[in-house]
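The values are calculated or read from the model by the stated rules, or taken from the named source; none is laboratory data. Model, not experiment: these values are computed from the prediction. Note: ideal-geometry Cβ built from the backbone for every residue, glycine included; neighbour counts use all protein chains shown. Accessible surface is based on the protein model in full, side chains and every heavy atom, while ligands, DNA and RNA are left aside. Shrake-Rupley method; radii C 1.70, N 1.55, O 1.52, S 1.80 Å.
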Amino acid sequence: MSGAPAKILVTGASRGIGRAIAERLLADGREVVLVARDAAALAAVASAPTRARLLPRDLEIDPDVVDAAAELLGGTLDGIVHAAGLALHAPLDSIRARDVERMHRLHFTAPLEMARAFAARGRPGSIVHVASTLCVRPAAGRIAYSATKAALLSLTRSLALELAPRGIRVNAVAPGVVSTSMVRDLDIEPLRALHPLGLGSPEDVAGAVLYLLDATWTTGTILVVDGGLTAG
């Protein structure tokens, strides 16, 4: 782990992919600030003696978490993993403006504001966003989710170019369908059939995130982790 970002902020850390990322980082010896709305769920992630700090926060309402996270880590923050997401799927004639706005706030506005605050601290570091293969392979009934996650990919690339002179790398992972509570209500078997290697696990994505956090000559990259979904 020598030279790797040691103090990391992870959003969406109470469940699913975000939790797997937080647990992987903690197991790797990093100090991690866990951010999510559910304080009790966050406490469960950090139930064993670890290097975790808890920061309950609703990023839709208040994305100003970077300085608070750094304070919890003794004044230093080396990286951000933005895994918080919201999947409010609906066909075109049922899309509600409020749902679109909520996803936009979480998938675009929150990571934009976090990147701004992180850059303002004047230190090099690493940012990784968790996007989706729906950005590059949309599906019917997923318009708003796909579009707001696509905005996250565009943000990733733009930030990578703008922040490179400051020594800040910005990358993203684009997972296929992963077995989490977010897909619990979907018809899973047809989705599984689209993935040559089957559905992924949160741990699969966590490994990709760890790589991007530490990859010192990689920025602006979208790493697809999808079991072959987009290969054909």
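Annotations for the structure displayed:
- When the Cα positions of Ala164, Val136, Ala13 are compared along the charge dipole of the chain, Ala164 comes out farthest toward the positive end, with charges on each C-beta of Lys, Arg, Asp and Glu.
- Cα-Cα pairs of region 29-86 separated by more than 19 Å (percent): 25 percent
- Dipole of the chain [Lys/Arg +1, Asp/Glu -1 at C-beta], most positive-end residue of Pro124, Thr221, Leu152: Pro124
- Taking the chain and dividing mean pair separation by its residue count, relative contact order in percent (alpha carbons under 8 Å, at least six apart): 20 percent
- Estimated [θ] at 222 nm from DSSP helical runs (n ≥ 4, -39500 (n - 2.57)) normalised by residues in the chain, nearest 500: -11000 deg cm²/dmol
- Amide H partners (placed H, <5 Å) of Arg169, local residues excluded: Gly125, Ser126, Ile127
- Multiplying the residue separation of Ser158 and Glu203 by 0.36 nm and subtracting their alpha-carbon distance yields 13.4 nm.
- Once Rg and the Kirkwood radius are both taken over the C-alpha atoms of region 1-116, their ratio Rg/Rh works out to 1.02.
- Computed E for Glu101/Ala40 - FRET, C-beta separation, R0 25 angstrom, nearest 0.05: 0.40
- Neighbour cut-off at most 15 other Cβ (10 Å), DSSP loop, trypsin sites (Lys or Arg not before Pro), region 163-232: Arg184
- For region 28-164, the fraction of 1.4 Å probe accessible surface lying on carbon and sulfur atoms is 53 percent.
- Most mobile of Ala70, Ala193, Ala43 in a GNM of the chain (Cα contacts under 10 Å): Ala193
- Probe 1.4 Å, protein heavy atoms only - accessible area per residue of the chain in square angstrom: 46 Å²
- About the centre of its Cα atoms, the chain shows a dipole size close to 260 debye [charges on the beta carbon of Lys, Arg (+1) and Asp, Glu (-1) only; nearest 20 debye].
- For region 119-232, alpha-carbon Rg over 2.2 N^0.38 Å: 1.13
- Positive-end residue, region 43-86 charge dipole about Cα centroid, Cβ charges, pick of Ala43, Gly74, Gly85: Ala43
- Electrostatic dipole magnitude of region 128-220 [Cβ: Lys, Arg +1; Asp, Glu -1; Cα centre; debye, to 20]: 300 debye
- Pairwise centroid distance, computed over Cα atoms, of region 1-29 with region 150-218, Å: 14 Å
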